[in-house]
Amino acid sequence: MIQGIFYARFLPQEGNLTIFLGTKIVAQSPPGCIVPSEGATKAPLLDFDVLQEYIIPRKAFFNRYVTVRDPDGKCSVLGFPVSIFHPKYHRNEFIFNFGLVVDAGLSAADQLPYERVVRRLAVTFAELEKQNEYLSALGGGLVAAGPVCHSSSAGYDDFSARRPIEGLLEIVREDLNNYGECMIPVDDANAINMKLFPYHPVPPQVKGWHVPVAKLRLADVVDDTWDLTMQKVIAHIDGVNDVRRIAFLADVSIDLTQLALRHLLYYDTVLLLDMFFFGSCYAPRPSIHEFIANLDGVVDECAAYVCVMPPGPSSSGGGGGNGGGDASSGSTINNHHFGSRSSAETSPTAHHHHYRPSHPGTPPRVSNFLLVKLMTSFCAGRTVMEWLKVHLDTGFDVLRFVDVRRLVQFGVIKGFLYRVHKHVVSKQYIAALATGQARPSRDANADPLQRYTDGRHCFDQIITEQNLADPEILDRLRNLPLPPGDLTVFYR
């Protein structure tokens, strides 16, 4: 948000007195935002006396984008000092600057849209000054910069018909803050057209083993005018299909599929996750404490996303702790206490720690206590399958009431979990690379898996590119013609 906008210029003299005046704020919006003025109800946003040497800086910074932070750290000034050389000006030079005052907390990426505005203001008013001396001409509330040679072009001598600079700045600030754009006529021949375009960082590279997940309902925004390849790719984005499978199902080349997904990433409409396997490992991040504390109701959000309907009705207190009453009837589901096998018939208080009554036709609500237990029990070195067995041994059949893929996906998206990838490294292959010898994989008779043994390729990449399952990869690696103990599989 633009807190203030101003027009400043360098005044070497005033009237017939050849005295140095320095930087002067000619116009500002809102009034009093830079220097005190009559009718201002608030104190200035910054100390102008401290920053004036940076608003009109030395010549080395002319015609360059300049940012200055207030010493108090409350705001930043974005400017583009302009110098126009011509004999008609006093000292043959006219110096001015249009600046914006924004919050100092804005990052460089957040300031980028305002940088374009500052540059456009500088270029536009520099051209207006060169065409008809818009800034240096007397009248209309403007101050002259010494001897002025007015243009004799038709329509340019009527300075009273021009919009005052104070009014222009006020409209620019209000329109950009309220609408993100402005279209303001300056005179009969010129207008100021600007728009705040959001900054989008360069999207990451899309790999064949990535899984795109839509952040909005793409089917609701796509129309017939969209690119045909994009339409075919979007139809297969379901949070499960990896990039190569999407390319196969859409009958689109992998390169075009990756290009389409990068386009969606650029506009922040999808995000990329890793493929889900029961043989994968996940570990909690430090932010898991937010999930434990149920910050902003994140556990309740998780329950609504991961809870599933049991495959069939089960009797109360039976099934080895797998469930209680009929979920479709809305009755409370009894379950074993976490870590106890003999508590099928527990008290109502114990039931509260695991499930809550659900409405008819809705999945049973797994309790916050149990969801926190599930989320925090992931650890490096333990696969999802082993994680399931641990909870099954404690008396809770996770697959019966929780969609494990969605639980893991929720944890990764929210930043509570991270994927622990599996890699393989060969000492012999690393030595060959270090000495500059030919890569073993270049040999026509070499196993194609050998080029993945440099420790830089995860198993997801091998699975996708070689169309092999995890056990098949391990078997193939064992059969490589390498010395015993040469291969090492590690997680990171």
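Overall, the anisotropy analysis places the stretch 217-274 in the rounded class: the square-rooted eigenvalues a ≥ b ≥ c of its C-alpha gyration tensor yield a/c less than 1.5.
Residue separation of Val240 and Phe278 scaled by 0.36 nm, minus their Cα-Cα distance, works out to 12.3 nm of gained length.
Dipole check for the stretch 422-491: with +1 at the C-beta of Lys and Arg, -1 at the C-beta of Asp and Glu, and the Cα centre as origin, the magnitude is about 240 Debye. Bridgeable lysines around Lys422 (alpha carbons under 26 Å apart, same-chain partners fewer than 8 residues away excluded): Lys207, Lys373, Lys389, Lys414. Take Arg451, project a point 7 Å from its Cα along the Cβ direction, then tell me which residues of the stretch 410-430 have their backbone nitrogen under 19 Å from it. Flagged as within label range: 423-430. Think of the stretch 177-240 as a dipole: +1 on every Lys or Arg Cβ, -1 on every Asp or Glu Cβ, centred on the Cα centre; then among Ile237, Met183, Pro201, Ile237 lies furthest on the positive end. Estimated from the Cβ-Cβ distance and a Förster radius of 51 angstrom, the FRET efficiency linking Asp475 and His200 is about 0.70. Note on Val308 and Tyr491: their simple-model spin labels are 2.3 nm apart, each label 7 Å out from Cα toward Cβ.
With 0.36 nm allotted per residue and the present C-alpha distance subtracted, the Thr435-Asp223 stretch has 70.8 nm of extension available. Put a dot 7 Å past the Cα of Arg119, heading toward its Cβ, do the same for Gln461, and the two dots end up 3.6 nm apart. The charge dipole of the stretch 95-134, taken about the Cα centre with unit charges on the Cβ atoms of Lys, Arg (+1) and Asp, Glu (-1), comes to about 100 debye, rounded to the nearest 20. Only lysines eight or more places from Lys130 in sequence, or on another chain, were considered; those with a Cα closer than 20 Å are Lys59, Lys88. Take the Cα of Gln428, step 7 Å toward its Cβ, do the same at Val390, and the gap between the two points is 3.7 nm. Cβ-Cβ distance of Arg262 and Glu38, R₀ of 56 Å, FRET efficiency by 1/(1 + (r/R0)^6): the value works out to about 0.55. Taking a point 7 Å from the Cα of Ile292 along the Cα-to-Cβ direction, the residues of the stretch 369-409 with backbone N closer than 15 Å to it are 369-379. Counted residue by residue at 0.36 nm each, then reduced by the alpha carbon distance between them, the extension gain from Glu181 to Ala108 reaches 24.2 nm.
FYI, it's all coordinate maths here, none of it is from the lab. Because the structure is predicted, anything quoted here is derived from the model rather than measured. Because the Cβ atoms are built from the backbone with ideal geometry, glycine has one as well, and the counts that use them run over all protein chains shown.
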